[in-house]
Amino acid sequence: QVQLVESGGGLVQVGGSLRLSCVASGRTFSSYTMGWFRQAPGKEREFVAGISWFSGSTAYAESVKGRFTISRDNAKNTLYLQMNSLKPEDTAVYYCAADVSIRIPTTESRYNDWGQGTQVTVSS
């Protein structure tokens with residue numbers, strides 16, 4: 001099991017940027033495939049981005065491709081999500097999650113460990 005704590009959320013204007021961080025503790029962070037999900041009010045939680053521990057490959061939801069970048073620093077046990085050109089529809093609580101798969105799951109049921117979430121609000 002790994003414990004996850006997100007930070008970096010906040011209020012930003014349309015077109016602005018934020019960088020989310022997710023610090024992991026417990027088991028070896030470098031052995032986990034990591035994902036970012038988000039949940040807007042009244043909507044289901046959805047996959048945003050993921051990064052494989054095995055290959056370093058990344059995957060993104062179509063809605064964030066070209067605007068968001070997921071990365072990790074295994075030496076710091078930290079996962080990042082750089083969010084640029086933010087839109088009002090990006091407003092949500094953002095969660096990081098961990099899984100032991102080699103590939104990147106895009107469904108939340110595949111992830112075993114979750115952080116508590118950080119709020120991102122994009123104002124227009």
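Summed over region 85-105, residues that are modelled with pLDDT of 95 or more and more than 14 Å from the chain's Cα centre (by Cα) total 5. Among the conditions (1) within 16 Å of the chain's Cα centre (by Cα); (2) closer than 17 Å to Ile104 by Cα; (3) part of a loop (DSSP other than H, G, I, E, B), the only one that Ala49 does not satisfy is (3).
The number of residues in region 4-31 that are modelled with pLDDT under 95 and under 15 Å from the mean Cα position of the chain (by Cα) comes to 1. Among residues of region 46-60 being open to solvent by 30 Å² or more (accessible area, probe 1.4 Å) and either among the hydroxyl-bearing types (Ser, Thr, Tyr) or closer than 18 Å to Val122 by Cβ (or both), the one that is modelled with the lowest pLDDT is Ser55. Residue under question is Gly42, and the condition is that it be within 24 Å of Ser124 (Cα to Cα) and either open to solvent by 40 Å² or more (accessible area, probe 1.4 Å) or outside any strand (DSSP E or B) (or both); does it hold? Yes: the conditions hold for Gly42. Only one of the numbered conditions (1) exposed (fewer than 15 other Cβ atoms within 10 Å of the Cβ); (2) free of Cβ contacts under 8 Å to residues at least 40 places away in the same chain is not met by Ser30, and that is (2). Taking strands (runs of 3 or more DSSP E) as the structural unit, no element lying wholly within region 61-124 holds at least 3 residues that are surrounded by fewer than 16 Cβ atoms within 10 Å (Cβ to Cβ), out of contact with any Ser or Thr (no Cβ under 8 Å at 6 or more places or on another chain) and among the polar types (S, T, N, Q).
The values are calculated or read from the model by the stated rules, or taken from the named source; none is laboratory data. Fair warning: this is a prediction, and the values are worked out from it, not measured in the lab. Methodologically, a virtual Cβ is constructed for each residue, glycine included, from the backbone with ideal geometry; neighbour enumeration extends over all protein chains shown. Ligands, DNA and RNA are stripped out before the accessible areas are found, and what is left, the full protein with its side chains, is counted by its heavy atoms. Shrake-Rupley method; radii C 1.70, N 1.55, O 1.52, S 1.80 Å.
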